[in-house]
Each structure stands twice: as structure tokens, then as C-alpha cells.
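Taking it in order: structure first as C-alpha cells, then the write-up.
The values are calculated or read from the model by the stated rules, or taken from the named source; none is laboratory data. Values in this document were obtained by computation on a predicted structure and should not be read as measured data. Here the Cβ positions follow ideal geometry from the backbone for every residue, glycine too, while neighbour counts run over all protein chains shown.
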Protein chains: 2
Amino acid sequence: MRTLNVDLGERSYPIYIGGGLLDKAGEYFEQHGLTKKSPVLIVTDTNVAPLYLIKVEGALSDSGYTVVSKIVKSGEKSKSLQVFEEVMTTAIEGGLDRRSVVVALGGGVVGDLAGYVAAAYMRGVTFVQMPTTILAHDSSVGGKVAVNHPLAKNMIGAFHQPEMVLYDVDTLQSLPDREVRAGLSEMIKHGLIWDAAFAKWCGEHTQDLLNLDPEALGYGLTMGCSVKAKVVSTDETEQGLRAILNLGHTIGHALEAIGGYGEFLHGEAISIGMAAAALIAVNRGRDRELYNETVKLLQGFGLPTVMPNHLDENKIISAMMHDKKFKENQIVFILPVSIGKVEIVSDVKLEEVVSVIRELKKEGQHV
Amino acid sequence: MRTLNVDLGERSYPIYIGGGLLDKAGEYFEQHGLTKKSPVLIVTDTNVAPLYLIKVEGALSDSGYTVVSKIVKSGEKSKSLQVFEEVMTTAIEGGLDRRSVVVALGGGVVGDLAGYVAAAYMRGVTFVQMPTTILAHDSSVGGKVAVNHPLAKNMIGAFHQPEMVLYDVDTLQSLPDREVRAGLSEMIKHGLIWDAAFAKWCGEHTQDLLNLDPEALGYGLTMGCSVKAKVVSTDETEQGLRAILNLGHTIGHALEAIGGYGEFLHGEAISIGMAAAALIAVNRGRDRELYNETVKLLQGFGLPTVMPNHLDENKIISAMMHDKKFKENQIVFILPVSIGKVEIVSDVKLEEVVSVIRELKKEGQHV
């Protein structure tokens with residue numbers, strides 16, 4: 001079992017990464033001094049509930065905790081204000097009070113939704129994350145929680161740090177192949193923005209990671225979390241540096257939004273976004289090898305790097321302009337400088353983006 | 001013009017209290033270094049918009065700010081997640097970004113709603129309060145923002161401190177009589193919990209306050225804000241002391257909830273709640289004079305102090321148990337010790353509450 005500390009002063013918290021952790025949920029709750037007098041709410045989804053809900057409910061009950069659970073439909077569509085209100089209803093009816101704990105048992109969607117419930121319920125209660133996907137290694141660090149607005153993703157949210165993250169890697173064995181790939185996309189991103197050696201390691205261990213080899217997975221998740229933790233510790237509320245975590249996200253979020261949050265998995269959308277960012281950088285003078293290497297690494301994991309032909313450039317641009325990263329009439333782009341290093345650029349013109357979208361559509365037709 | 005500083009470390013902010021402040025909104029924005037590159041959103045309601053919206057829009061535009069406005073229906077029902085989402089839509093369509101400012105122009109409902117929008121939009125933007133009611137002197141200090149859940153009041157919210165409060169007392173001249181009385185209820189509360197001399201002053205200046213005499217009003221609002229600021233500075237996130245601000249609110253909130261947030265104004269509900277708290281204290285051994293004096297003071301302002309006969313005790317109790325103040329199976333009550341002093345009590349039994357509700361119903365039949 002590895003423990004990684006996310007250093008945020010009085011809001012610091014540990015991430016426990018290892019096997020068999022869900023069975024020990026009650027012990028971890030006790031160790032963190034969480035009260036047994038107030039009910040605990042577990043938020044999970046229709047995919048995860050049949051696999052792990054009874055296990056976690058049992059582990060907490062055995063330690064003397066009262067548990068209520070809310071199962072939401074799996075998928076990004078549950079990150080809506082409507083589902084948020086439904087979870088709030090369960091919390092109120094379940095008698096949760098200010099000392100209660102809200103647990104996110106699931107992937108990024110459940111983490112964001114349950115985290116925002118924890119941030120907002122009675123103006124904030126304790127939050128515990130139990131990620132069950134690879135992608136969630138990203139969202140479980142940094143305290144960003146949110147739901148989507150029909151017009152744009154993650155528009156309604158908060159910064160709310162968890163009390164702890166219990167990352168039981170046994171749960172990853174049950175992930176569908178497509179989600180494994182999409183999850184690894186964020187792991188690769190952490191290499192691309194910060195750590196050339198780790199990016200290289202990802203390229204060399206592609207098959208181990210895709211096969212969910214426990215040792216490779218444990219190391220990769222710890223490295224990914226650790227890059228993110230370093231960035232977040234430096235800039236908790238995204239005033240500056242933290243923006244580098246958004247590599248691939250400017251275009252990626254737009255793709256998710258116009259696909260109605262259904263066509264692409266998040267990791268797939270940012271994979272295309274990372275390819276696009278590399279191409280913008282190349283068009284601005286970086287060596288073409290930067291784009292080639294990025295695309296090769298992503299494709300090795302079976303991730304998409306071309307733009308589907310049916311997507312309208314204008315719709316993508318329009319969705320981008322609704323994004324939070326669109327600040328004072330400028331698009332803030334994260335562009336690679338080399339593998340393992342990025343820069344924050346605020347003078348990318350819309351034409352450059354349109355041009356790259358078209359190039360990536362052509363790439364698609366060559367495949 | 002009086003300036004009161006709310007001392008919260010790096011989240012400290014000034015409250016400016018005086019006449020003609022709305023006309024100078026642009027100057028205050030500049031003085032606080034708020035950017036002109038990002039649109040400002042003014043949230044106001046159907047009562048306030050016809051009176052002051054053009055004035056504030058004009059003052060900000062004249063200083064070079066781009067302004068979008070959202071007018072919600074006046075009344076507590078606008079503190080819903082549905083209206084919250086509508087305001088978010090206006091914010092997104094208006095192109096607000098992370099450096100934008102959300103302005104609450106109105107009373108407590110608009111302040112709570114707009115404040116929660118500011119807390120949640122892109123995970124938090126700058127918030128400016130422009131209160132137009134007496135009641136808002138209370139909600140404009142302390143950073144508590146929220147919307148209601150159909151099952152209970154203020155269940156969904158955040159702590160989000162404003163950048164500044166512009167309290168233009170000229171706006172209070174247009175308040176309907178009933179709202180004046182209800183607003184003064186919170187002012188009296190600040191005397192009752194903290195400052196016997198100020199409570200006495202309220203009793204001696206009842207007519208001046210009801211007549212909206214500018215000097216009396218200016219002094220009363222400054223004193224009210226100042227009591228609240230002292231309490232909040234000591235306990236920003238309501239871990240302990242801040243609970244004393246809830247005098248009258250345990251029962252008051254329940255009355256509002258079962259009245260569907262329509263029967264009582266907030267100040268009326270807590271007036272009954274303060275009478276009830278005094279009576280619980282008397283039943284537990286305090287001198288009956290404590291209850292008599294409390295009721296006399298409130299009645300002097302034309303505020304209700306008896307329980308309407310048609311309200312079901314069980315419904316009141318049930319609504320109380322959904323309240324945030326219901327913690328680990330105990331009701332936390334704020335009970336008066338003497339005029340100007342209260343205590344936090346956690347062993348009040350439901351029977352005591354039921355008994356007082358019945359006594360206050362009987363009082364009503366004697367009137």
C-alpha cells in the first residue's frame with residue numbers, strides 16, 4: 001500500500017493506493033476520527049453499485065456507521081443540477097447533518113457530483129473519495145468538484161478538498177477496456193506536462209498498463225497523482241500554474257459539450273485535444289517531431305488523435321468560448337514545448353484553432 | 001458615510017453605509033481594482049429592478065464596465081435551484097469569466113441567490129452586495145449564501161465573502177411597512193444576543209426606526225452589522241460562537257418551511273422564534289420578565305410573537321428536525337440568559353418545544 005500526501009496546509013489529505021482498501025473503509029474512517037453519530041451518505045452509480053456498494057456499506061456498518069446510499073445513473077449526464085438536487089433529497093431524508101460524511105464511490109462523474117454535494121450540503125460537509133476508475137486518479141487530487149450546465153461543462157462547482165482518498169486498485173480490474181484507455185489518457189497527460197521520464201515510462205509500459213498489471217498500475221497511478229499533487233499544492237485555486245493541468249482540455253471540453261457529453265469519454269476528448277495542442281505548437285514553430293511523438297504515444301494506448309469529420313468547426317469554437325478557460329476575451333491554451341514540458345499561452349487566435357481542427361479532420365481521412 | 005470593516009484575514013471586506021452610494025458604484029468598483037475587461041452580472045428582483053436597476057447599470061457603464069442583468073421574481077421562492085440555474089444561464093450567455101463580478105442588488109433573497117451564484121460560477125467569482133432592505137444588513141455580513149431545498153431552507157450553499165458591501169440607505173425609503181418591521185427584527189436580534197444597551201436603544205427609538213429616520217437607521221444598521229461582524233470574525237464557518245446568531249431561527253426556519261416560504265417574512269418568523277426561545281428559557285427557570293421584555297420590545301415594532309393556531313405542532317417539529325441546526329440527533333437551541341446575552345443549549349427536549357408552541361397558541365387566542 002502506497003500513501004501519497006497532498007500538501008495543502010490545513011486542508012492536506014492522504015491518498016491511500018493499494019489492494020483490498022474498500023474492505024477496510026470503516027477502519028480508515030475511525031483512524032480519521034469521523035463521527036459515528038451522524039449518517040454517512042454513499043453516492044455511487046448504476047455500474048459501480050452492483051460490484052462494490054454492499055462491500056463498502058458492510059465495511060462501514062461493521063464499524064458502527066449508519067449508512068444511506070444514493071445510486072445515480074452512470075455517465076456524464078448525472079453531473080446535472082437535477083441529479084444534484086436528487087442526491088440532496090436523499091441526504092436530507094437520510095438525516096445527514098453537519099458532521100456527516102459524503103462518500104464518492106465511483107469514477108470522475110460520481111466524484112465530481114458527490115464532491116459538489118459535500119461542498120454545498122449545509123454549506124459544506126466532510127468528503128471521502130473512493131475512486132473505482134483510472135481516470136479518477138486525476139479528479140481525486142485537487143478538490144475541484146462540479147456539475148455541468150447544459151451550455152458548458154463544470155460551470156457550477158467549488159473547491160472542496162477530501163478528507164482522504166481510498167484508492168482500491170482491485171476495483172480497476174472490472175473496468176471495460178474503453179474506460180481503461182480513456183483513464184490512462186490523463187495519466188499520460190501528467191507525463192506530458194511535467195515529467196519526460198514518466199511519459200517515456202508510459203510509452204515503454206503501454207501493454208502492462210493496458211493489461212492492468214498491478215505493479216505497473218500502482219506505480220503509474222502514484223506518479224500521476226503525484227504530478228497533480230505537486231501542481232495543485234503550488235496553486236490550489238487555479239490562479240496560475242494549475243492551468244497546465246488543462247493540456248488538451250480547451251478543445252477536449254468543447255468536444256464533450258457538442259457531443260452532448262455522450263459521444264466521447266473525457267479521456268478520449270482530451271486525447272484529441274492533446275494532439276490538437278501539439279499541432280498548434282508545431283504550427284507556431286516547434287519541431288514536428290513533438291506532434292508525432294505525442295500522437296504515437298496516445299495511439300499506442302488506442303486513444304483517438306484525429307477529429308471526427310462530422311463535427312462542425314464553428315460549433316467547437318463556440319463551445320470553447322463558453323469554457324471557463326476563456327478569460328477576458330482570450331483563450332488560454334496550454335501548449336507543449338517538448339515532451340514533459342508545457343507553456344501557458346494566451347494569444348492563440350481562433351483561426352489557428354480552426355486550421356488545426358481541419359488538419360486533424362484530414363488526418364482522420366488518411367487513417 | 002460610515003465604513004465598517006469585517007475582519008476575516010485575507011477575506012476581510014468593507015461595508016459602506018450611507019446615502020447616494022448606488023450612483024457611485026462605478027467609482028467603488030474602480031477603487032477595488034475590479035477589471036473592466038470582464039462583464040459584470042447584476043442580479044436583482046421584480047420589486048427592486050424598476051427602482052434602482054437603471055441607476056446601477058448606468059453608474060457601472062459610465063465607468064466603462066459591461067453589464068448584464070438578470071431580474072428574478074421577488075420573494076423567497078426565487079431561492080431555488082431552478083432559478084439558480086436560470087441565473088447561471090444568463091451568466092454564461094453574458095460571457096462572464098473568472099474575473100467577472102456578480103452583484104446582488106436587492107434584499108436577503110437576492111443576496112443569498114446571487115451570492116451562491118458567485119460562489120459556484122466557475123467555482124467562484126467576485127461578489128459585491130448592494131442591499132436594498134433593512135433585513136439585508138444581516139445577510140450582507142458573514143458570507144453565508146444559499147438556496148433552499150424543497151424540504152428545508154438554506155440547505156444548499158457556501159461560505160463566500162463579498163469583495164465589498166455598498167449599503168445605500170436611500171433605497172430603504174421605498175420599503176413597504178411590513179418589510180421595514182420584519183427587517184428591524186434582525187436588528188433587534190443583534191441587540192438581544194450581544195448588547196443590552198443597543199437592545200434598550202432599539203426600544204427607545206422604535207418610532208424613529210419605523211419612520212426610517214436616516215440618523216437612527218444609519219446608527220442601527222451600523223450597530224447591527226457590527227455585532228454580526230464581531231461574531232463572524234471570531235467564527236467564520238460556524239464551528240461554535242456563530243451559532244448565537246441563530247436566536248429565534250430554529251423555530252423560525254421551521255415556520256417559514258411549513259408556510260411554504262410564503263406565509264411569514266423571515267423577520268416575522270424569527271420574531272415568533274425569539275418569543276418562543278425566551279419562553280423555553282423561562283420554563284427552564286429564567287425570570288418571566290425576560291420573556292415579557294422580549295415580547296414587549298418585538299411587539300413595539302408590530303412584530304408577531306404568538307403562534308398562529310392553524311399550524312400543526314408535529315409539522316413544526318418535523319421541519320425543525322430537517323434543519324441544519326439539528327446535529328447528531330440533538331436540537332441546538334439558542335436561549336436568552338438576559339436581554340443582551342444568550343447561551344447555546346443542546347439538551348432542549350422536543351416536549352419542551354411542543355409545550356411552548358401550545359403556550360404561544362394560547363397567547364394568540366388571548367390577544
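Computed quantities for the displayed model
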{"item": "Unmet criterion (only one of (1) in a loop (DSSP other than H, G, I, E, B); (2) more than 14 Å from chain A (Cβ to nearest Cβ); (3) at pLDDT 95 or above) for B:Leu212", "result": "(3)"}
{"item": "Residue in the range A:73-85 that is without any contact (Cβ under 8 Å) to a residue 40 or more places away in the chain and touching a Leu at 6+ places or on another chain (Cβ under 7 Å) present", "result": "yes"}
{"item": "Single match in A:Ser338, A:Ser346, A:Ser355 (criterion: of a type outside the set (Lys, Arg) and in contact with a strand residue (DSSP E or B) (Cβ under 7 Å, 6 or more places away or on another chain))", "result": "A:Ser346"}
{"item": "Matching residues in the range A:165-191 - criterion: being surrounded by 23 or more Cβ atoms within 10 Å (Cβ to Cβ) and either more than 16 Å from the chain's Cα centre (by Cα) or free of Cβ contacts under 8 Å to residues at least 40 places away in the same chain (or both)", "result": "A:Asp168, A:Thr171"}
{"item": "Subset of the range B:118-148 [at the interface with chain A (Cβ under 9 Å from one of its Cβ atoms), surrounded by 23 or more Cβ atoms within 10 Å (Cβ to Cβ) and either modelled with pLDDT under 95 or more than 19 Å from B:Ala254 (Cβ to Cβ) (or both)]", "result": "B:Ala119, B:Ala120, B:Tyr121, B:Met122, B:Arg123, B:Lys144, B:Val145"}
{"item": "Residue in the range B:219-246 that is nearest to B:Leu172 (Cα to Cα), counting only those that are assigned to a helix (DSSP H, G or I) and among the β-branched types (Val, Ile, Thr)", "result": "B:Thr222"}
{"item": "Whichever residue in the range A:186-209 is assigned to a helix (DSSP H, G or I) and of a type in the set (Asp, Glu) and, among such residues, is farthest from A:Glu293 (Cα to Cα)", "result": "A:Asp208"}
{"item": "Residue identified as more than 14 Å from chain B (Cβ to nearest Cβ) and farther than 21 Å from A:Lys361 by Cα among A:Lys315, A:Lys341", "result": "A:Lys341"}
{"item": "Residue list for the range A:43-72, restricted to those being buried (at least 18 other Cβ atoms within 10 Å of the Cβ) and either under 18 Å from B:His149 (Cα atoms) or over 19 Å from the mean Cα position of the chain (by Cα) (or both)", "result": "A:Ala49, A:Tyr52, A:Leu53, A:Val56, A:Glu57, A:Ala59, A:Leu60, A:Tyr65, A:Val67, A:Ser69, A:Lys70, A:Ile71"}
{"item": "Residue match in the range B:106-128 (condition: within 19 Å of B:Leu22 (Cβ to Cβ) and part of a loop (DSSP other than H, G, I, E, B))", "result": "yes"}
{"item": "Test: residue in the range B:271-281 that is surrounded by fewer than 16 Cβ atoms within 10 Å (Cβ to Cβ), in contact with a helix residue (DSSP H, G or I) (Cβ under 9 Å, 6 or more places away or on another chain) and among the hydrophobic types (A, V, I, L, M, F, W, C)", "result": "no"}
{"item": "When residues of the range A:18-63 are limited to those that are among the polar types (S, T, N, Q) and more than 14 Å from chain B (Cβ to nearest Cβ), the one nearest to A:Leu172 (Cα to Cα)", "result": "A:Asn47"}
{"item": "Residues of the range A:73-97 satisfying the condition of being under 16 Å from B:Leu151 (Cβ atoms) and assigned to a loop (DSSP other than H, G, I, E, B)", "result": "A:Gly94, A:Gly95, A:Leu96, A:Asp97"}
{"item": "Condition check for A:Ala152: over 26 Å from B:Glu236 (Cα atoms), over 14 Å from the mean Cα position of the chain (by Cα), modelled with pLDDT under 95 and of a type in the set (Gly, Ala, Ser)", "result": "yes"}
{"item": "Any chance B:Ala114 is more than 10 Å from chain A (Cβ to nearest Cβ) and within 23 Å of A:Thr237 (Cα to Cα)", "result": "yes"}
{"item": "Odd one out for B:Gly285, checked against (1) within 16 Å of the chain's Cα centre (by Cα); (2) free of Cβ contacts under 8 Å to residues at least 40 places away in the same chain; (3) within 25 Å of B:Lys349 (Cα to Cα)", "result": "(1)"}
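Condition check ((1) in the same structural domain as A:Lys79 (by TED's automatic domain parsing); (2) touching an Asp or Glu at 6+ places or on another chain (Cβ under 9 Å); (3) among the aliphatic types (A, V, I, L, M)) across all residues:
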site	(1), (2), (3)
A:Thr234	no, no, no
A:Leu241	no, yes, yes
A:Leu247	no, no, yes
A:Glu256	no, yes, no
A:Ile270	no, yes, yes
A:Ala277	no, no, yes
A:Ile280	no, yes, yes
A:Asn283	no, yes, no
A:Val295	no, yes, yes
